[in-house]
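Here's the structure we're looking at; comments come further down.
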Amino acid sequence: MSAPIVIRSSTPADAPVITEFNARLADETEHLQLDRARLRAGVDAVLGDTSKGIYWVAEAGGDVVGQLMITFEWSDWRNGFFWWIQSVYVRADCRSRGVFKALYIHVHQQAKSRNDVCGLRLYVERDNQSARQLYQRLGLRPTSYELYEVDFRIAR
């Protein structure tokens, strides 16, 4: 990948590639085969309503090579929003080439420029050591919290 990485807001035209990347993400990280129609509807919902989230995409040579989504969590303790980094995916042939770093730096700058954002958060698979190391190199720190959930849509 010799082309420069360009970060931009997603558009509805990005829905097919975001849907594909999310399907690959679920398969690669959790060995889940997502229902494509539900997944596409979920992507379209975010693209159509920024209160649900915002996708940022990374392009190189005119191709989308990576993505992440921001969702919002209000913190009454901080009187501001945490931006949750989710749906992180970098195309396999573009990994370890600075794509996620470029996405993260862009989002970090966007968040810091706003008075209503108090921080960034993300979750990571326990066994994904390379991602954990990258996140720490970028200044993210592990917390003392663990994530618990009840999922009404995907059986585990």
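The values are calculated or read from the model by the stated rules, or taken from the named source; none is laboratory data. Values in this document were obtained by computation on a predicted structure and should not be read as measured data. A quick note on method: Cβ atoms are made from the backbone with ideal geometry, for glycine too, and the neighbour counts reach across all protein chains shown. Ligands, DNA and RNA are stripped out before the accessible areas are found, and what is left, the full protein with its side chains, is counted by its heavy atoms. Shrake-Rupley method; radii C 1.70, N 1.55, O 1.52, S 1.80 Å.
Hey, can you tell me all the residues within segment 79-121 that are among the hydrophobic types (A, V, I, L, M, F, W, C), open to solvent by 40 Å² or more (accessible area, probe 1.4 Å), within 26 Å of residue 60 (Cα to Cα) and in contact with a strand residue (DSSP E or B) (Cβ under 7 Å, 6 or more places away or on another chain)? Before the answer, list the steps.
To start, the set of residues in segment 79-121 that are among the hydrophobic types (A, V, I, L, M, F, W, C) comprises 81-85, 88, 90, 92, 94, 99-100, 102-103, 105, 107, 111, 117-118, 120.
Those left that are additionally open to solvent by 40 Å² or more (accessible area, probe 1.4 Å): 81, 84, 92, 105, 118.
Checking which are within 26 Å of residue 60 (Cα to Cα) leaves us with 84, 92, 105.
Matches in segment 79-121: 84 only.
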Counting just the residues of segment 122-136 that are farther than 26 Å from residue 42 by Cα and open to solvent by 50 Å² or more (accessible area, probe 1.4 Å), which one comes out nearest to the chain's Cα centre (by Cα)?
132
Checklist (1) over 15 Å from the mean Cα position of the chain (by Cα); (2) in a helix (DSSP H, G or I); (3) modelled with pLDDT under 95 applied to residue 109, failing item:
(3)
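Go through the residues of segment 73-80 one by one and say whether even a single one is assigned to a loop (DSSP other than H, G, I, E, B), touching a Ser or Thr at 6+ places or on another chain (Cβ under 6 Å) and either farther than 25 Å from residue 41 by Cα or in contact (Cβ under 8 Å) with a residue 40 or more places away in the chain (or both). Break it down into steps so the answer makes sense when it comes.
Within segment 73-80, the first condition is being assigned to a loop (DSSP other than H, G, I, E, B), and the residues that meet it are 76-79.
Next, only the ones that are touching a Ser or Thr at 6+ places or on another chain (Cβ under 6 Å) stay: none.
Looking for residues that are assigned to a loop (DSSP other than H, G, I, E, B), touching a Ser or Thr at 6+ places or on another chain (Cβ under 6 Å) and either farther than 25 Å from residue 41 by Cα or in contact (Cβ under 8 Å) with a residue 40 or more places away in the chain (or both), one finds none in segment 73-80, hence no.
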Of the residues in segment 1-59, how many are polar (S, T, N, Q), surrounded by 12 or more Cβ atoms within 10 Å (Cβ to Cβ), out of contact with any Asp or Glu (no Cβ under 6 Å at 6 or more places or on another chain) and at pLDDT below 95?
0
